[in-house]
Amino acid sequence: MAEATPDYQAELNALDSAQTAARIYRRSGVRINVMGDSRRIFEAVVRPTANGQGDVDAERARIQKEIERGEKMLANEKFIANAAPEVVEGERLKLEQFKAELDALGD
């Protein structure tokens, strides 16, 4: 997540939540519960038309596989030693994003 001055931290958090909701919705049709400014941003940008009742269990399973793949890759010392630093950082960022999406989907 980007750093913001304290005056804008709430807006940045709302934007991050809306982006997570948008990624999940666009990929799977699952609509997660976002409130306040996050909901307003999500609805203004995504303009959801489906009922948001996509296959939550399938999406959770898909994200869990991505997390396992990323953790395995980042635990591989050869990958860390031989990959370009920006590739390793990209994998770390993807792993962080997938973990945030799994949290957003809840249990």
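Observations
- Under the simplified labelling scheme, the Arg26-Asn13 pair shows an inter-label distance of 2.5 nm, with each label point 7 Å from Cα along Cα→Cβ.
- Taking the helices alone, the chain has a mean residue ellipticity at 222 nm of -24000 deg cm²/dmol, built from -39,500 (n - 2.57) per DSSP H run of at least 4 residues and averaged over all its residues.
- Under a Gaussian network description of the chain, with springs only between Cα atoms under 10 Å, the residue in Ala75, Ala18, Ala61 that fluctuates furthest is Ala75.
- Note, ³J(HN,Hα) from phi for region 25-37, Karplus 6.51, -1.76, 1.60, rounded to Hz, x at Gly and Pro: 5, 5, 7, 10, x, 8, 9, 8, 7, 10, 10, x, 4
- Amide H contacts of Gly54 (H built 1.01 Å from N, under 5 Å, at least 5 apart or other chain): Val30, Arg31
- Among Ala83, Gln64, Leu93 the positive-end extreme of the charge dipole of region 26-99 (Cβ point charges): Gln64
- Rounded if a/c under 1.5, otherwise prolate or oblate - the chain, Cα gyration tensor axes: oblate
- Accessible surface for the chain, divided over its residues, is 68 Å² per residue with a 1.4 Å probe.
- Accessible surface of the chain [probe 1.4 Å, protein heavy atoms]: carbon and sulfur percent: 51
The values are calculated or read from the model by the stated rules, or taken from the named source; none is laboratory data. All figures in this text were calculated on a predicted structure; none of them were measured in a lab. Positions of Cβ are backbone-derived with ideal geometry, glycine not excepted, and every protein chain shown enters the neighbour counts. These accessible areas exclude ligands, DNA and RNA; they are computed on the full protein's heavy atoms, side chains included. Shrake-Rupley method; radii C 1.70, N 1.55, O 1.52, S 1.80 Å.
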